[in-house]
Amino acid sequence: MSGEPSSEAILACKGLSKHFGGVRALSDVSFEARRGEVTAVIGDNGAGKSTLIRCLVGVNVPDDGEIFFDGRRHPFANPDEARKAGIETVHQNLSLIDELTVVQNLFLNREIVRRVGPLALLDRPAMKREARAMLSRLSINVPSVSARVRRLSGGQRQAISICRAVGSGAKVVVMDEPTAALGVQETANVEALIRRLREQAVSVVLVSHNFDQVRRLSDRIWVMRAGRVVATVQSAETTGNELVALVTGAA
Ligand SMILES: Nc1ncnc2c1ncn2[C@@H]1O[C@H](COP(=O)(O)OP(=O)(O)OP(=O)(O)O)[C@@H](O)[C@H]1O
Ligand SMILES: [Mg+2]
């Protein structure tokens, strides 16, 4: 990729580099996720996928390079800035709080309050109502929105994380291995969620080790190896064997 990102790009970077001590996690990475598409990022363990994601959404500060959002140069100083701009992230290590309920997790740091004279009180009934509506929009089933998330299955927890990310009307949802360690049915539910997001014109960046999954769900696949982007392919035009060869370097 040369010059500015294309006009279809919603989230992009150019010449991104990042090292941790002696490890070069990213070397001169240029990437773009297009508006309304599902963009997959694949690569072996340690290839730099999560570091790329974390740089794009303001968790890590790159050593070098530029980040673009919605056509403008826009480095995010922290995840809150990225979130305010409309980028929500489901990180590889889930960020739910076990001891809080489903509702409390969904409204963490964005509680609904009602004013009573000089007081700002939590509007619990409103949050419960809205939580049920958010879950039902994405066809997510949990025993109760008042259940502590500690009691939910891995797939339900994953769905809650995704629900929290998309519940606020994000333009871009970034998911780092959303189905790793999930069962067959739970994986199918999360995949259905991703399809629904795409139908709702939300742009998705999907990091996954599951090559069949990325071929099924994504429009375009970016392949990383040892901190570099080594290939970009159209999902409809590639095969599992080609992806394996690109990821391992046998191609
Ligand atoms: N906070 C950190 N401190 C030190 N090294 C790090 C840190 N984060 C990542 N690295 C290193 O950077 C390289 C890329 O890591 P990254 O987590 O981006 O890989 P990944 O492609 O997401 O791998 P995986 O598929 O295992 O999740 C690895 O060598 C890793 O050890
Ligand atoms: Mg990772």
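I'd like the full set of residues that are more than 13 Å from the chain's Cα centre (by Cα) and within 11 Å of ligand 2 (Cβ to nearest atom), limited to region 4-41.
Within region 4-41, ALA25 is the sole residue that qualifies.
With open to solvent by 10 Å² or more (accessible area, probe 1.4 Å), in a helix (DSSP H, G or I) and within 16 Å of ligand 2 (Cβ to nearest atom) as the only criterion, which of ARG54, ARG83 stands out?
Values: ARG83 fails: within 16 Å of ligand 2 (Cβ to nearest atom).
Result: ARG54 is the single residue among ARG54, ARG83 that is open to solvent by 10 Å² or more (accessible area, probe 1.4 Å), in a helix (DSSP H, G or I) and within 16 Å of ligand 2 (Cβ to nearest atom).
For ASN105, indicate whether it is farther than 24 Å from ASN210 by Cβ, open to solvent by less than 60 Å² (accessible area, probe 1.4 Å) and either aromatic (Phe, Trp, Tyr) or within 11 Å of ligand 1 (Cβ to nearest atom) (or both).
On the way: farther than 24 Å from ASN210 by Cβ: yes; open to solvent by less than 60 Å² (accessible area, probe 1.4 Å): yes; either aromatic (Phe, Trp, Tyr) or within 11 Å of ligand 1 (Cβ to nearest atom) (or both): no.
No, not satisfied.
Hey, any hits in region 172-184 for a residue that's away from ligand 2 (no atom under 16 Å from the Cβ) and part of a helix (DSSP H, G or I)?
Yes, there is a match, as at least one residue in region 172-184 is away from ligand 2 (no atom under 16 Å from the Cβ) and part of a helix (DSSP H, G or I).
Test ASP63 against the stated conditions and say whether it is touching a Lys or Arg at 6+ places or on another chain (Cβ under 7 Å), within 20 Å of GLY15 (Cα to Cα) and either free of Cβ contacts under 8 Å to residues at least 40 places away in the same chain or open to solvent by 60 Å² or more (accessible area, probe 1.4 Å) (or both).
On the way: touching a Lys or Arg at 6+ places or on another chain (Cβ under 7 Å): yes; within 20 Å of GLY15 (Cα to Cα): yes; either free of Cβ contacts under 8 Å to residues at least 40 places away in the same chain or open to solvent by 60 Å² or more (accessible area, probe 1.4 Å) (or both): yes.
Criteria met by ASP63.
Could you check, for region 38-45, whether at least one of its residues is of a type in the set (Asp, Glu), within 15 Å of ligand 1 (Cβ to nearest atom) and touching a Leu at 6+ places or on another chain (Cβ under 9 Å)?
Start the filter on region 38-45 by keeping residues that are of a type in the set (Asp, Glu), which leaves 44.
From the residues that got through so far, the ones that are within 15 Å of ligand 1 (Cβ to nearest atom) too are 44.
Restricting the remaining residues to those that are touching a Leu at 6+ places or on another chain (Cβ under 9 Å) gives none.
Within region 38-45, not a single residue is of a type in the set (Asp, Glu), within 15 Å of ligand 1 (Cβ to nearest atom) and touching a Leu at 6+ places or on another chain (Cβ under 9 Å).
Name the single residue that is nearest to ligand 1 (Cβ to nearest atom) among those in region 10-31 being in contact (Cβ under 8 Å) with a residue 60 or more places away in the chain and aliphatic (A, V, I, L, M).
Residue satisfying both the conditions and the ranking: ALA25.
Does ARG164 satisfy the criteria of being more than 16 Å from ligand 1 (Cβ to nearest atom), charged (D, E, K, R) and either in a strand (DSSP E or B) or open to solvent by less than 50 Å² (accessible area, probe 1.4 Å) (or both)? Explain how you work it out, then say what you get.
On the way: more than 16 Å from ligand 1 (Cβ to nearest atom): yes; charged (D, E, K, R): yes; either in a strand (DSSP E or B) or open to solvent by less than 50 Å² (accessible area, probe 1.4 Å) (or both): yes.
So ARG164 passes the test.
Kindly establish whether PRO178 is free of Cβ contacts under 8 Å to residues at least 12 places away in the same chain and in contact with a helix residue (DSSP H, G or I) (Cβ under 8 Å, 6 or more places away or on another chain).
Values: free of Cβ contacts under 8 Å to residues at least 12 places away in the same chain: no; in contact with a helix residue (DSSP H, G or I) (Cβ under 8 Å, 6 or more places away or on another chain): yes.
So PRO178 does not fit the description; no.
Is it fair to say SER136 is farther than 27 Å from ALA9 by Cα, in contact (Cβ under 8 Å) with a residue 24 or more places away in the chain and of a type in the set (Ser, Thr, Tyr)? Give the derivation first.
Working: farther than 27 Å from ALA9 by Cα: yes; in contact (Cβ under 8 Å) with a residue 24 or more places away in the chain: no; of a type in the set (Ser, Thr, Tyr): yes.
Answer is no for this residue.
Search region 139-154 for residues being assigned to a helix (DSSP H, G or I) and open to solvent by 10 Å² or more (accessible area, probe 1.4 Å), and hand back the single one that is modelled with the lowest pLDDT.
Keep residues of region 139-154 that are assigned to a helix (DSSP H, G or I), which gives 149-151, 154.
Okay, now just the ones that are also open to solvent by 10 Å² or more (accessible area, probe 1.4 Å), so 150-151, 154.
Values: ARG150: 91, ARG151: 91, GLY154: 78.
Among them, the one singled out is GLY154.
Do you know which residues across region 171-181 are out of contact with any Ser or Thr (no Cβ under 7 Å at 6 or more places or on another chain) and buried (at least 20 other Cβ atoms within 10 Å of the Cβ)? Talk me through it step by step, then tell me what you get.
Here is the first cut: in region 171-181, the ones out of contact with any Ser or Thr (no Cβ under 7 Å at 6 or more places or on another chain) are 173, 175, 178, 180-181.
Result: VAL173, MET175, PRO178.
The values are calculated or read from the model by the stated rules, or taken from the named source; none is laboratory data. Just so we're clear, the structure is a prediction, and the values are computed from it rather than from any experiment. Cβ: placed from backbone, ideal geometry, glycine included. Neighbour counts: every protein chain shown. When the accessible area is computed, the model is the full protein with side chains, heavy atoms only, and any ligands, DNA or RNA have been set aside. Shrake-Rupley method; radii C 1.70, N 1.55, O 1.52, S 1.80 Å.
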